Amino acid sequence: MNAFGKQIISLNSFNKGGFFRRFSQTLLIIISSLIILFSSCKPKPVPEQEIDISEGVFIVNEGNFMSNNGEISFYNTQTGEIINNLYALQNNNAVLGDVVQSMCISDTLALISVNNSKKIEIVNIKDFKHVHTITGLSYPRYIITVRENICYLTNGKNPGEIKVIDTDKKEVIKTITAGNQPENLLLSGNKVFVANGAWGHDSTVSIINPSTDELIETINVGDGATDLASDKNGNIWVLCQGKSAYDYPEETASQLVCINPDTYEIIERVNIGITGDNFHPVRIASDKENGYIYYNERVGVYRININNPHHKEWFSMLLYYGLEVNPVNGNVYMFSDKGFTEAGTMDIYNKEGEKLQELVKVGVGPNCGVFYKLN
């Protein structure tokens with residue numbers, strides 16, 4: 001082979017090796033870039049935080065309808081600390097759902113009813129970590145614990161129903177037919193009372209035996225039965241919000257109806273609204289120790305004393321969306337929805353009407369609270 005041929009072979013060998021080296025380097029850069037790109041697209045995990053939810057009140061924030069921003073807040077009654085977006089915080093930024101309606105505690109679990117997402121989310125009460133999701137519900141509303149490992153959930157509209165949930169199996173095990181559009185439930189003694197008729201779609205209370213999960217009785221109380229509370233005498237107060245002019249030709253006034261839990265006799269009927277005021281309260285709360293029943297009306301928060309129920313006291317000139325009474329000390333927790341467009345707030349009053357805590361920012365659309373103390 002001549003010198004020219006040797007030069008060609010040497011040049012070809014050099015070009016071949018250089019090409020592959022450059023190709024390998026380019027490929028490595030491309031692969032590295034893709035890895036970085038896809039890694040950056042993944043949501044970053046939220047670092048776990050040590051939180052204290054051993055004693056206080058869980059606040060149910062509905063969120064704005066169709067915005068999927070319902071959440072739970074926790075207010076520590078000992079330290080005054082507020083933890084917002086508790087579910088997202090403890091579950092790697094997971095979304096709880098659309099219209100978080102209510103919550104109850106059953107032993108080591110919390111069950112959260114998410115109305116427009118048509119589900120129940122179950123979490124561990126100690127750390128609020130997700131445990132299970134119950135689906136297949138049509139219109140879940142309010143949930144309470146009625147006995148060990150059994151909860152009742154109001155669901156559906158016409159007719160409504162009570163879903164019996166086994167928290168061990170984490171599933172619905174039975175359905176009990178109730179009245180139209182059932183709302184809140186109350187366990188009192190050995191009976192569960194169910195308010196039927198939000199916005200005037202019914203006027204009854206269903207009474208259920210929680211030992212057998214059987215309907216005992218249905219009684220008439222007043223238009224729009226929507227919430228219930230028991231007093232220190234054991235009697236049951238039903239908030240009847242009246243018929244809404246939006247749904248009916250004629251509006252009816254709101255009232256409080258007191259019933260005997262044994263005979264189902266109506267003991268008192270107290271008008272709290274005025275026909276035509278276009279206001280239909282949705283919450284009442286009971287201070288059992290001091291004998292007060294609190295309720296919202298158009299121009300603020302009122303209360304009655306069960307010993308003189310026809311004399312109403314003006315408790316606050318501010319209008320609130322949700323009401324709760326701390327069963328330990330009688331303090332009144334009031335929740336403002338701020339039009340469901342921004343973070344709602346919580347104010348705390350003592351029974352004398354003095355404001356103890358003002359404008360604690362919670363989630364969007366707070367409607368109620370669940371008091372809890374770790375045993």
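Select from VAL123, VAL325, VAL95 the residue whose mean-square fluctuation is largest in a Gaussian network model of the chain (Cα-Cα springs shorter than 10 Å).
VAL95
Roughly what percent of Cα-Cα pairs across segment 103-220 reach past 17 Å? Kindly include the intermediate steps, with their values, before the conclusion.
On the way: 3462 of 6903 pairs.
That fraction is 50 percent.
Please identify every one of the trypsin sites (Lys or Arg not before Pro) in segment 150-189 that sits in a loop by DSSP and has no more than 12 other beta carbons within 10 Å of its own beta carbon.
Numbers: sites: LYS157, LYS163, LYS169, LYS170, LYS174; in loops: LYS157, LYS169, LYS170.
When the trypsin sites (Lys or Arg not before Pro) of segment 150-189 are filtered for loop state and at most 12 Cβ neighbours within 10 Å, LYS169 remain.
Return the FRET efficiency for the residue pair GLU55, ASN305: r is the Cβ-Cβ distance, R0 is 30 Å, and the value is rounded to the nearest 0.05.
On the way: r = 29 Å, r/R0 = 0.98.
That gives a FRET efficiency of 0.55.
Any chance you could list the semi-axes, whole Å, largest first, of the equivalent ellipsoid that the Cα gyration tensor gives for the chain, using √(5λ)? Show your work: numbers first, answer last.
Working: eigenvalues 645, 102, 76 Å².
The equivalent ellipsoid of the chain has semi-axes of 57, 23, 19 Å.
What share of all Cα pairs of segment 162-294, in percent, falls into each consecutive 10 Å distance bin?
With a bin width of 10 Å, the distribution comes to 13, 42, 31, 12, 1.
Calculate the tail of P(r) for segment 233-273: the fraction of all Cα-Cα distances greater than 11 Å, expressed in %.
64
Taking θ as phi - 60°, what are the ³J(HN,Hα) couplings along segment 329-340 by the Karplus curve (6.51, -1.76, 1.60), each to the nearest whole Hz, with x for Gly and Pro?
Running phi through 6.51 cos²θ - 1.76 cosθ + 1.60 with θ = phi - 60° gives 10, x, 5, 9, 9, 10, 10, 10, 7, 6, x, 6 Hz.
What are the ³J(HN,Hα) couplings of segment 271-279, residue after residue, when phi is run through the Karplus curve with 6.51, -1.76, 1.60 and θ = phi - 60°? Round to Hz, x for glycine and proline.
For segment 271-279, the Karplus-derived couplings read 6, 10, x, 10, 4, x, 7, 6, 10 Hz, x marking Gly and Pro.
In whole Å, what is the distance between the alpha-carbon centres of segment 72-139 and segment 253-314?
If we compute the Cα centre of each part, the gap is 30 Å.
May I ask for the net charge around ASN116, where only other residues with Cβ less than 10 Å from the Cβ of ASN116 are counted and Lys, Arg are +1 while Asp, Glu are -1?
Details: positive: LYS118, LYS119; negative: GLU62, ASP98.
Summing Lys and Arg as +1 and Asp and Glu as -1 gives 0.
If you average 1/r over every pair of different alpha-carbon atoms in segment 248-320 and take one over that average, what Kirkwood value in Å do you get? Write down the numbers at each step before the final one.
Values: mean 1/r = 0.0760 Å⁻¹.
For segment 248-320, the Kirkwood estimate is 13.2 Å.
Using the heavy atoms of the protein chains and a 1.4 angstrom probe, tell me the accessible area per residue for segment 230-271 in square angstrom.
Values: 1980 Å² over 42 residues.
Counting only protein heavy atoms, the per-residue value for segment 230-271 is 47 Å².
If packing is taken as the average count of other Cβ atoms within 10 Å, what order do 222-230, 196-204, 367-375, 81-89 fall into, highest mean first? Present the calculation step by step, with values, prior to reporting the outcome.
Details: 222-230: 25.6, 196-204: 23.7, 367-375: 16.3, 81-89: 18.3.
Highest mean packing first, the order is 222-230, 196-204, 81-89, 367-375.
Per residue, how much accessible area does segment 292-375 have with a 1.4 Å probe, in Å²?
Numbers: 3990 Å² over 84 residues.
That works out to 48 Å² per residue.
Please list the three semi-axes, largest first and in whole Å, of the ellipsoid equivalent to segment 98-155, using sqrt of 5 times the eigenvalues of its alpha carbon gyration tensor. Can you show the working numbers first?
On the way: eigenvalues 60, 35, 15 Å².
After diagonalising the Cα gyration tensor, the semi-axes are 17, 13, 9 Å.
Which value results for Rg/Rh of segment 255-375 when Rg is the Cα radius of gyration and Rh the Kirkwood radius based on the inverse mean 1/r?
Values: Rg = 15.0 Å, Rh = 15.3 Å.
Rounded to two decimals, Rg over Rh is 0.98.
Work out Dmax and Rg for segment 297-359 from the C-alpha atoms and quote the Rg first, both in angstrom.
Rg then Dmax for segment 297-359, in Å: 12.3, 40.
Relative to the longest principal axis of the C-alpha atoms of the chain, give the angle of the C-alpha long axis of helix 3-41, reported between 0 and 90° and rounded to the nearest 10°.
So the helix axis and the longest Cα principal axis differ by about 10 degrees.
Take the solvent-accessible surface of the protein heavy atoms, probe 1.4 Å, and return the percent of it on the chain that carbon and sulfur atoms account for.
Numbers: 9260 of 18130 Å².
Solvent-exposed carbon and sulfur of the chain make up 51 percent of the total.
To one decimal place, what Kirkwood hydrodynamic radius in Å is obtained for segment 282-331 from all pairs of distinct Cα atoms? Provide the component values of the computation, followed by the final result.
Values: mean 1/r = 0.0909 Å⁻¹.
By the Kirkwood definition, the hydrodynamic radius is 11.0 Å.
May I have the extent of the alpha carbons of segment 332-375 along their three principal axes, as whole Å values ordered from largest to smallest?
Principal extents (Cα only, largest first): 33, 29, 13 Å.
The values are calculated or read from the model by the stated rules, or taken from the named source; none is laboratory data. Because the structure is a prediction, the values reported are computed rather than measured. Counting neighbours? That spans all protein chains shown, and the Cβs are built from the backbone with ideal geometry, glycine included. Areas reflect the complete protein model, heavy atoms only, side chains present, ligands, DNA and RNA absent. Shrake-Rupley method; radii C 1.70, N 1.55, O 1.52, S 1.80 Å.
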